[in-house]
Amino acid sequence: MAGELVLSAFLGVAFDRLASPEIVNFFRGGKLKDDLLKKLKIKMLSINAVVNDAEKKQMTDPNVKAWLVEVKDVVYDAEDTFDEIETEASKTKLEAEFETTSSKVRNFLANASVNPFEIKMESRVQGILNNLEYLASQVELLELKKGSGVGYGVGGHSSQRLPSSSLVDESVIYGRDDDKEKITKLLLSDDIESVNHPSVITIVGMGGLGKTTLAQHVYNDERTDDQFDLKTWVCVSEEFDVKRKFLLVLDDVWNENKSNWEVLRTPFSYGAPGSKILVTTRSERVALTMRSAQIHHLKELTEEDCWRIFATHAFGKEDCNANPSLESIGRKIVTKCKGLPLALKALGGLLYTKLSPEEWESILTSDIWSMPNDDNSIIPALILSYHYLPSHLKRCFSYCSLFPKDYEFDMEDLVLLWMAENFLQISDKDKRIEDVGNEYFHDLLSRCFFQQSSSNKTCFVMHDLLNDLAKFVSGEFCFRLEGDDEAQSIATKTRHFSYLRIQFELLKRFDSVYKADRLRTFLPLGLYYQRLYLWMSSKTVQDLLSTNKWLRSLSFSGYMSIRELPDSIGNLKYLRYLNLSRTGIKKLPDSTCQLYNLQTLKLNECKSLEELPLDMYRLINLRHLNFAKTSLHKKPIHLGKLRNLQTLTSFYVSGSNMKELGQLNLRGQLALVELQNVVIPMNAAEANMENKKCLEILELGWSENNEDSLNERAVLEKLKPHKNLKNLTIRNYGGTKLPDWFADGSLSTIVSLELSGCKYCFSLPPLGQLPSLKKLSISGFDAIVAIGSQFFGNNSSSIAQPFGSLEILKFENMAAWEEWCCFEDHIEAAAFPYLQELHIENCPKLKGQLPQHLPCLTELVINGCHQLASSRGSIPDSLLGKILINNPSVERLSIINCPDVELPMYNCYASLKQLYLADSCDSLRSFSLNFFPKLQDLHLEGCKYLETLSNSEEGQEFFTSLNLLDIWTCPKFVSFDKGGFSAPKLQRCFIRDTVNLKSLPEQMHSLLLSLAQLILIDCPLVESFPEGGLPAKLKYLTITGCSKLIASRMDWGLCRLHSLQYFCIGCGDDNVESFPEERLLPTSLSTLNFRACWNLKSINHKGVLCLTSLKNLIIQDCPNLQGLPDEGLPRSLSFLHIMDSCPLVKQRCQKEKGEDWHKIAHIPRVLIDGKIIS
């Protein structure tokens, strides 16, 4: 059985389409034979009558299974035909509206004696009818019986009771208290005997037993917060940098390869003592491979604990006294679930909506419990949960088989895809189709088919077993391509296709996709948020568009190489969802406006996008138009005609089009741009902003250099938003005062407020009175000289806590601001009780003091405040001293471009983890690490008089946290502590432009054991590495502009560094004509980068050919390089990039015609100046 359980849902949609006005009119209007519609409906009804029986029998009868596959394929074809008829009808109606009277005469569907479209449709409908008649004739042979079924199939909508909430309370974990306590104690213990560091503790148990849930409860236990500096939950594939004592959870590990585990484990071995790794797996072999210190076998739950889980989900509480007649049946169902919490939750969620004993009994006695399951991957209880879903949910869930395991998906985007595929059925015409989709989603969530992601609370995932179930029920109609394989096994019946992106998509990867010539979904997944440059050829795009005319959902998101779409995009007349976000596209072709069915158009972060087609208003079904973070300069017009539009990220004001905006019932996010074009303030009222109750995020923007302040204030008064607004941004407003609605309670629900570039405003409204405000940013108020009591509230003494909810406060670019007053004790002590971040940047005239009582402050940033100088009295009285002593919770401190601010060397940094100093603190001569016991990241830049970095011997036991050290452009910096610089956790050291530094820290090989990355740039006096060489675990090494050090390269001893993977050399104008020498670099090297080697003439083949692990070679700005070695390059190379000033070698590496082409033709990916040539 694969993909046929969902048939009942498809038939339900087909019946809905048969009843649509466009279909009925097309048949009854004499355009097709009158009896075709009746025959089609009768045959579908006859098949629907036996669907329930067929869906059961297919589990044991392969002939029934094959019959169901063919029925579903025909129903798909019927849907396509109905879609074509409806689309043609909509197109005709639309063209009649937009065209002239004379052109209407030529209407394609005018009453004519012969119409090619009618003939084509008649032939196709007849073909579908013939296929259905044949399939119906097989019913008797297959011994399929008519039946009503109970609670599933067509019409299986539950109406008795809806789930009370979208999430079941998981604060209690039934039957696992002892397991949780045992594992928690193991994590907290320092006495575990282990051959590994860090210690590995593994939870082993079969799928669905609750391993992940148990691990989550352990992970969230408050005791682990106190024990570990860092807690992280990651998928095994994610990168992870160890910094301190950590707890790492690796969930659902399958790989039993020992060498793979060693690769993964090695970075974690540098963690602080007491670090732990908690693993969940179904395989004990995984636990043994990982050399677990402790293996905890998770057993099945007791029958009573199983009942408590089931009852909680089935009745909404553990006690079922309100339904005693159901308890005996329910307990028998629980026994069949064999102690698996996932099955108990799913079946309990299903039965929550069913109140009759007959419905419960039908589930208890279902044949599905005894269905054969050779690979033991699909649990019968989960199939039952799916089988008894309302039909409208089945199709939505099976579609999710497109998502890989552990894939995090967004609810809003999934609903838009469901909408595009016509899965959402509206019974209430007053309800938005998106709201129907949200209800479907939350229904599946409440039934445990989805669950909230543990790593990203805004996203959702499917349990692996439910992912298997989705793939099982969708069968060959959905195809998911993973890895960099080619889609060779795709079936001709496949309608929905997804794949995991790889960085460089080759044309042949999609060759077999064209076998599925009725594809509806083309969906790339993954890599998008890693910000890689993703490449897909224009030929691939063109081929996909020209061969897949039935597409409903299409995405090319993330491929920056796509700069244009072919005109053939306009042929995808059934397309409803188009996602081009974060592509390199500059403009959409005009043919895009022929996509009359388009509902969603996403163009987010298309940085090169300059214009949209002028006829966008023809997209009458468009509901979501998102082009945030683009560079549009040619604005779409007549958007008010898009009466279905729900989401519009930006609206460009022309002065006369505000009425169009008023006609749109927008939701979510909106930016009004170029408001200076509103000359008559009353026109702004036509936007009807106060009645847009579904808007949550609003930006109001003018262009710069506006002068009519009275007009702009009047315009802003008329743009008063609805009281439901959450985020408000105002940019470049030219009025002298903000409108009255800032102080009349209209912004009581505002959570985030940004006021930027209001350079004529001379005062701030009483923002301290906004009860929900959590983030406040004020920037570019050039006329403000002082901020006082009005800021806190018109009558500050009457406000118990001004800014009572504020967490982030930013002042930036305040050119005239001199004083922040109103720090009376009764106000200051009460204000900002929850402020966590305070940023004051580019306020050159600000002087005096800052707030002193900020009990929750964790981050302080002071940048470009030249007159904000410290007093020259005692250290506790200095500016920073007062703040840090009074607020010991500060963890992040940044001082930038403040030369007169003093950084006191004093015990006031007990919590500080990150310190960033740039062009500041000129009084600093020596930086003593002893005062920073928890410091992890230290960046010192442009400290003119800094000479030394010290870590005294008696202070070493306190200083064990440093992870990152940057020393940049400190001209007087000459030395580290004599005898070495003890930083056992240091991961990265980056030193640049230190012209007087003569030597690196002594004993690096023994005192910097964790050092993985060393970058040395423009340190001309450094002659050699210290005695003992570099740390053995070094992975990345960059040396550029260090002439003396490069001259002594044969003494580097890099061959001993078997962990080194990346090496970058920049010789500048040094006399280096050939590089690298034989045995200079270790064989472990995978990337070699030549950067700005101006005198380099040749790459030494003896030094390169021995690099048997080399995969990436980068040659950048080497103008005298004559060519590549005659002996060739290592066969292991998979990537070559030649860029910038390398004229000779670029010429020789031209594809097929260059003299060195034969030397690199074997390399899979070759780039010249970023352009892929192979």
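Miscellaneous remarks
- With Cα atoms as the point set, the stretch 568-716 shows a radius of gyration and Dmax of 15.5, 51 Å.
- Carbon plus sulfur fraction of accessible area for the stretch 658-798, probe 1.4 Å, in percent: 45
- Simple spin-label estimate for S370 and K1171 gives 7.0 nm between the two label positions (7 Å along the Cα-to-Cβ direction from each Cα).
- Using the Cβ-Cβ distance between E358 and T960 with R0 set to 60 Å, the FRET efficiency works out to roughly 0.35.
- Computed in the context of the full set of protein chains, the accessible area of the stretch 1080-1174 at 1.4 Å probe radius has 48% of its extent on carbon or sulfur.
- The stretch 627-699 - accessible surface per residue (Å², probe 1.4 Å): 45
- Annotation: amide H of A671 within the under-5 Å range of S650, F651, E699, sequence separation 5 or more or interchain, hydrogens built in the peptide plane.
- For the chain, the longest principal axis of the Cα atoms and the long axis of helix 62-98 meet at an angle of about 80 degrees.
- R0 of 51 Å, Cβ-Cβ distance Q452-S1074: FRET efficiency to nearest 0.05: 0.30
- Take the Cα of R331, step 7 Å toward its Cβ, do the same at N930, and the gap between the two points is 7.2 nm.
- For S920, net neighbour charge (Lys/Arg +1, Asp/Glu -1) across residues whose Cβ lies under 11 Å away: -4
- Using a Förster distance of 35 Å, the FRET efficiency for A1161-L527 (Cβ separation, nearest 0.05): 0.80
- Projected-area average for the chain over all orientations - Cα convex hull basis, square nanometres: 51.6
- In the chain, the DSSP-assigned H stretches of four residues or longer account for a calculated mean residue ellipticity at 222 nm of -8000 deg cm²/dmol, using -39500 (n - 2.57) per stretch and the full residue count as denominator.
- With protein chains left intact and a 1.4 Å probe, residues in the stretch 1060-1174 average 44 Å² of accessible area per residue.
- Probe 1.4 Å, all protein chains present, accessible-area order of E686, E86, E143, largest first: E143, E686, E86
- Seen against the Cα atoms of the chain and their longest principal axis, helix 177-188 is set at about 20 degrees.
- On full extension, the segment bounded by S631 and E304 gains 111.6 nm, given 0.36 nm per residue less the C-alpha separation.
- Gain on full stretching of the segment that runs from N1095 to K145 - 0.36 nm per residue minus C-alpha separation: 333.5 nm
The values are calculated or read from the model by the stated rules, or taken from the named source; none is laboratory data. None of these values were measured; they are calculated from a predicted model. When we count neighbours, we look across all protein chains shown, and the Cβ atoms used for this are built from the backbone with ideal geometry, even at glycine. Protein only, heavy atoms only, side chains kept; ligands, DNA and RNA dropped before computing areas. Shrake-Rupley method; radii C 1.70, N 1.55, O 1.52, S 1.80 Å.
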